[in-house]
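Here is the structure we will look at.
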Amino acid sequence: MSHTVAVINLDLPGATISRHVYGHFAEHLGRCIYGGFWVGEDSDVPNEGGIRLDVVEALRELQIPNLRWPGGCFADDYHWRDGVGPREQRPRMVNSHWGDVVEDNSFGTHEFMALCELLGADPYISGNVGSGSVQEMSEWIEYLTRADDSPMAALRRANGRDEPWKVPFFGIGNEAWGCGGHLRAEQFASLARQYSTYVRNHAGNEVYRIAAGASDHDYHWTETLMKSFDPLDAGNGPAAPFQGISLHYYTFTGEWSDKGWATEFSTDEWYLALARAAHMDELLDRHGAVMDRYDPKKRVGLVVDEWGTWWNVEKGTNPGFLYQQNTLRDALVASLHFDAFHRHADRVVMANIAQTVNVLQAMLLTDPDTNALVRTPTFHVFAMNAGHHDAAALDVHLVDDVPTRSVDGGDLALVSASASTKGDTALVSLTNLDADAPRTVVLDLRGRDVVGHSARVLTADAANAHNTAERPDAVIPVALETVRKHDRGLEVELPAHSYATVELTLA
Ligand code: AHR
């Protein structure tokens, strides 16, 4: 039987894959915060200070490294002072982007920071450029991180928190070309410099500022932000006044107004979704090439702080709440993104899937009536990939018979792979995109002796298999038994439509 050969030089570690590419995103949108993370202290759902403990426990399994909040588009409507102080006195607002519902601000800064502490995750605060002021942003970081008796530190204390928090990541606006103000790239580049200046480092808290970046193929936006930096070719210090720029890219198969369905799709739509997910690799190449022209030393980070599938909402749910199911296809969309992030570890410093609970490509779905919690197939890809966190990327050269399929005007490779190494271990990720055929991949392992291995696979009988409260384990990882020794290393038989990880023990 023909097979694909993957050559991996185990002794040639590359750039570190930041654990932050396994980051998450929680917006005030639909049931992500309310009903997802937050049930309130009086709820029957077990909670700590109003935060759902089952959700925390599940996300801790993923060792989630960071959480972006409060948006998305919501962030540029959000005024942080409305979300601090006694909850019953907090003003209300209209969430005009997401369902036009009234937001009571019961989940605000203190609740978010408590959530991050429970998760063991770094906070990534998304600041308001679109409708906020420089002063408001400046005071928020002071409120969060200042230790002495400054006005904002005193206000924080009056609201019940003595110690400052650590806030390593701060977003300067969101989608400034769209919901964040409909600005031109040149206009926003100036504002990003100005706002970033006032997001100060207080009390030893070092902030990594991320300016709202491009969507999809908008290389002009990336180039304009890169041009706005102070000269980057001198010295080795961090870039100023912001240190990273973002990129947003969503996967769907139809038009914006009819994106395709999460669970009902044809074989062509299976391949189209995966081809569009694999396109992330080209986007990173091309945005990266623009960045390289201005920053060959790669001191500016690329932060893919929104990515994932975006399907039509589940029938009967609020169209503004973006609630969708999540199948094996979504899991493979995730594995392809991670392969791309691993390959670009020298530039991609962070990524945040949209979004963590009940919105878009979620890790977790909660039932609004029974409160049952379901882990999605995408959750399991994150779990299977935990070994890549902060590991050194290894190049994987796919040679000999890589099957392809013509999709969307291009050739889609039906095998995708990436690998990393940490100490005496290595982790290899393998995706078989073929909807129908199994695939054998020979791992040609060079440079170090392999003294042990174990493997897991995520698959199901049907490509649209998904987990529900009734069948929460329809798609879960199991041991992959079809890994055999081979003259060149190991031979791995991948089932059709599957994702597998092979963990190697090295001498
Ligand atoms: O994730 C949903 C929305 O998608 C975000 O609010 C926005 O930034 C993007 O358009």
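We did not get these values from a lab; they are worked out from the coordinates using the rules stated. Since the model is a prediction, treat every value here as computed from it, not as a measurement. Because the Cβ atoms are built from the backbone with ideal geometry, glycine has one as well, and the counts that use them run over all protein chains shown.
Just want to confirm a number: the relative contact order over the chain, from Cα pairs under 8 angstrom separated by 6+ residues, in percent. All intermediate terms of the calculation are to be shown ahead of the outcome.
Numbers: 1195 pairs, mean separation 96.4, N = 507.
Relative contact order for the chain comes out at 19 percent.
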- Listed residues 173, 380, 69: farthest to the positive end of the dipole of region 19-388 (Cβ charges): 173
- Per residue of region 472-488, in order, report the coupling 6.51 cos²θ - 1.76 cosθ + 1.60 (Karplus, θ = phi - 60°) as ³J(HN,Hα) in whole Hz, putting x for Gly and Pro. x, 10, 5, 10, 9, x, 10, 5, 9, 8, 8, 10, 10, 5, 9, 3, 8
- Message: Tell me which cysteines of the chain come out unpaired when the rule is another cysteine's Cβ under 4.7 Å.
- Response: 32, 116
- Item | Relative counts (whole %) of C-alpha pair distances in the chain, using bins that are 20 Å wide | 23, 56, 20, 0
- Message: With the crude spin-label approximation of a point 7 Å out along Cα→Cβ, what separation in nm comes out for residue 315 versus residue 117?
- Response: 4.6
- What dipole magnitude, in Debye to the nearest 20, does the chain give about its Cα centre under +1 on Lys/Arg Cβ and -1 on Asp/Glu Cβ? 980
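What does DSSP give for the chain in terms of the percent of beta bridges that are antiparallel, rounded to the nearest 5? Can you show the working numbers first?
On the way: 59 of 99 bridges.
For the chain, the DSSP antiparallel bridge percentage is about 60.
Given the DSSP H assignment, sum -39500 (n - 2.57) over each helix run of at least 4 residues in the chain and divide by its residue total; what's the result at 222 nm in deg cm²/dmol, nearest 500? Write down the numbers at each step before the final one.
Numbers: 9 runs with 114 residues, N = 507.
Rounded to the nearest 500, it is -7000 deg cm²/dmol.
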- Item | Rounded Å value of the spacing that divides the Cα centres of region 327-350 and region 351-384 | 17
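Ranking request for peptides 413-423, 394-404: highest mean number of other beta-carbon atoms within 10 Å first, then the rest in descending order.
Listed from highest to lowest mean packing, they are 413-423, 394-404.
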- Expressed in nanometres to one decimal, the distance between label points 7 Å along Cα→Cβ at residue 92 and residue 216 is 3.7
- Here, residue 48 and residue 293, labelled 7 Å along Cα→Cβ, have an inter-label distance in nm of 4.9
- So how strong a dipole does region 400-507 carry about its Cα centre when Lys and Arg Cβ are +1 and Asp and Glu Cβ are -1, to the nearest 20 debye? 320
- What ranking do 499-505, 329-335 get when scored by the average of other Cβ atoms within 10 Å per residue, highest first? 329-335, 499-505
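Based on the Cβ-Cβ distance of residue 267 and residue 488, what FRET efficiency does E = 1/(1 + (r/R0)^6) give at R0 = 35 Å, to the nearest 0.05?
Working: r = 33 Å, r/R0 = 0.94.
For residue 267 and residue 488, the calculated efficiency is 0.60.
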- Note on the structure: Residues 448, 68 in order from fewest to most other beta-carbon atoms within 10 Å are 448, 68
- Below 25 Å Cα-Cα, how many Lys pairs turn up in the chain? Only count pairs eight or more apart in sequence, or on different chains, if you could. 6
- Suppose R0 equals 41 Å; then what is the FRET efficiency for residue 503 and residue 282 from their Cβ-Cβ distance, rounded to the nearest 0.05? 0.90
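Work out the FRET efficiency for residue 411 and residue 471 from their Cβ-Cβ distance, taking R0 = 41 Å, and round it to the nearest 0.05. Let's see the in-between values first.
Numbers: r = 36 Å, r/R0 = 0.88.
The calculated FRET efficiency here is 0.70.
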- Message: Using each residue's phi in region 118-125, evaluate 6.51 cos²θ - 1.76 cosθ + 1.60 at θ = phi - 60° and report the 3J(HN,Hα) Karplus result to the nearest Hz, with x for Gly and Pro.
- Response: 5, 7, x, 10, 6, x, 10, 8
